[in-house]
1. Would you point out the residue of the stretch 233-271, among those that are touching a residue at least 40 places away in the same chain (Cβ under 8 Å) and charged (D, E, K, R), that is farthest from Asp365 (Cα to Cα)?
2. State which residue pairs qualify: first residue in contact (Cβ under 8 Å) with a residue 12 or more places away in the chain and inside the stretch 446-467, second residue within 14 Å of the ligand (Cβ to nearest atom) and open to solvent by 20 Å² or more (accessible area, probe 1.4 Å) in any location, beta carbons under 7 Å apart, and separation of 6 or more residues or different chains.
3. In the stretch 399-418, how many residues are touching a helix residue (DSSP H, G or I) at 6+ places or on another chain (Cβ under 7 Å), buried (at least 18 other Cβ atoms within 10 Å of the Cβ) and over 19 Å from Ser462 (Cβ atoms)?
4. Of all residues in the stretch 316-344, which are touching a residue at least 60 places away in the same chain (Cβ under 8 Å), of a type in the set (A, V, I, L, M) and open to solvent by 60 Å² or more (accessible area, probe 1.4 Å)?
5. Which of the residues spanning the stretch 273-293 are out of contact with any helix residue (DSSP H, G or I) (no Cβ under 7 Å at 6 or more places or on another chain) and either on the phi > 0 side of the Ramachandran plot or without any contact (Cβ under 8 Å) to a residue 40 or more places away in the chain (or both)?
6. Scanning the stretch 428-442 for residues that are within 16 Å of the ligand (Cβ to nearest atom) and part of a loop (DSSP other than H, G, I, E, B), which turns out most open to solvent (accessible area, probe 1.4 Å)?
7. Taking interchain pairs and intrachain pairs at least six residues apart, which have beta carbon atoms under 7 angstrom, with the first residue in the stretch 214-230 and over 16 Å from Asn279 (Cα atoms) and in a loop (DSSP other than H, G, I, E, B) and the second more than 15 Å from the ligand (Cβ to nearest atom) and of a type in the set (D, E, K, R)?
8. Can you find even one residue in the stretch 133-141 that is modelled with pLDDT of 95 or more and not small (Gly, Ala, Ser)?
Amino acid sequence: MHYFRSSAIAFSCIAMLFFSCKPEKEPRHLNLPKTDLTQADLIPKPSTTKATYSAFPLDQFTTIHTAPDSSGFNNVALFLADKLKDLTQLRVPVNTEFTNQESVIYIHHSDSLSKINQESYFLKINKDSIVLSAASATAAFRGIQTLRQLVPAKASDSIIDYPVWPIPSGSINDSPLFAYRGAMLDVARHFFNVEEVKKYIDLLAYYKYNILHLHLTDDQGWRIEIKSWPKLTEISGVTEVGSEPGDFYTQEDYKIIVEYAAQNHITIIPEVDMPGHTNAASVAYPILNGNGKTPKIYRGTHVGFSTFDTHKDTVYTFIDDVVREISAITPGPYFHIGGDESHVTKKNDYIYFVNKVEKLVQRYDKIMIGWDEIVTADIDTTSVAQFWSSTDNAKIAVAKNLRIIMSPANKAYLDMKYDLESEYGLNWAGYVPVDTAYIWKPESYKNIPQENILGIEAPLWSETISTITELEYLAFPRAIGFAELNWSQPENRDWENYKVRLGNQAPFLEKMNVNYYPSPLIEWKTESEKPKTLKNKSLNL
Ligand code: TNX
């Protein structure tokens, strides 16, 4: 039985002539299931959710529209249409002239929401429309992720002869707790190519991350083309930990990553680690070296043996060129200078170095970020400290009223093993099972005042991983928990409740072909009844 009138279709299509059109449907009372929006498996959990227990029928009649004057919203709508196609095979038209009044997803800018927070959105799901009001295009993008998570995996059994995906009705009011919701990927110890980074971005965006920090240089390799110092990648772009060759990003590759991240409303932060962790740079240009030894290619995993010569003018000319070239292709506001584990740099030299490099970073209009050791220098209050291990440094950062990124290794390091069984990872900061990664309060950790905290960043160091499959094993599911700690209000976070929602992410993760660690703490709702098996891959260390 068909629910549309052929005459109406013909009339509408002729009237619209050049515009793509969809057959109009008659008002119908579909036999859709009762729903409860408050029980949806949303991660991160939204600020407030109210249910109205019916459903919006996502089907072949659905169209997406954006307010004509909302810049950037059209792209968000196209993104949504693309994801709905992946989920349902439906081709949902965006901003076509023909509007089916019965099944519209309408996305628009709201002035009142932009007064609350630039990422605030309000999602109202009715029986015949979905209205997404958003503070900005970025806020709309975050709201779209919520909507994606509400589309059921399977179409509903209904009395009609075409598939319908019932979206639970009600309203969601949502804003992030932290403005900075980050992940870090070490592409220096092992290289991950553009396609692999894009896949990581896809997954991060789905959980409302907005920062991806790339650790681009270290003792074992230099991963970003610098045109004025070509040997960096010619010599040190091709080595990494273990016996396999490394690789690097040309500036064009890097721009592709930056652009792809921007489409996902994610900012890329480049890191050039210095004055320590610089063996690869010194192998390419020995004049930079300051540890008194002849620099040699290094494929091991020890840290703390390398340093730049902090008193040479050439070193600062070099850094100026590097910061200038990378900043020119980095639209985001930050430049990360590393600054960690400079064990063979004298204390005063370290301070002198960080002070000088901060000025270089500022010359190129970037805000400096550094690992927590940088607080021992005389840094500006505009600079940002990334807390990873030293509580003393965290105290200094607070005393200096710096903004702080929270990456405590014993909670937020994605490269720590989950448990004794973990195939990959390190354990110098302890084991970090899925519950330990989730059950802590970033907003009140180590007495750091919430006002100083920008948000959590979860670093994934790559000494023990060399493939995307291994990356996924360490990052997932823990990265999903950090997404919730970063976004959701503390009163909305609860391990028992989170655990269930996490288990229900399995169909999504499987559809995305993510090799997540099937932690025994979680009841995974896999599509197939088969237990999830791990893909083994030996490391060439
Ligand atoms: C410490 S965290 C490091 C990295 C290692 C990591 C391994 C930090 C700022 N430095 O060089 O890769 O531990 O977990």
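1. It comes out as Glu244.
2. Glu463/Thr301; Glu463/Leu426; Thr464/Leu426
3. Count: 6.
4. Val344 - this is the single residue of the stretch 316-344 that is touching a residue at least 60 places away in the same chain (Cβ under 8 Å), of a type in the set (A, V, I, L, M) and open to solvent by 60 Å² or more (accessible area, probe 1.4 Å).
5. His277, Pro286, Gly292, Lys293
6. Checking each candidate, the answer is Trp428.
7. Close Cβ pairs (under 7 Å, with a partner that is more than 15 Å from the ligand (Cβ to nearest atom) and of a type in the set (D, E, K, R)) amount to Ile226/Asp321; Ile226/Glu325; Lys227/Glu325; Ser228/Asp321; Ser228/Glu325.
8. Within the stretch 133-141, one or more residues are modelled with pLDDT of 95 or more and not small (Gly, Ala, Ser).
The values are calculated or read from the model by the stated rules, or taken from the named source; none is laboratory data. Quantities reported herein were computed from a predicted structural model and do not represent experimental measurements. FYI the Cβ positions are ideal-geometry reconstructions off the backbone, even for glycines, and counts take in every protein chain you see. Note: accessible area is taken over every heavy atom of the protein model, side chains too, but ligands, DNA and RNA are not part of it. Shrake-Rupley method; radii C 1.70, N 1.55, O 1.52, S 1.80 Å.
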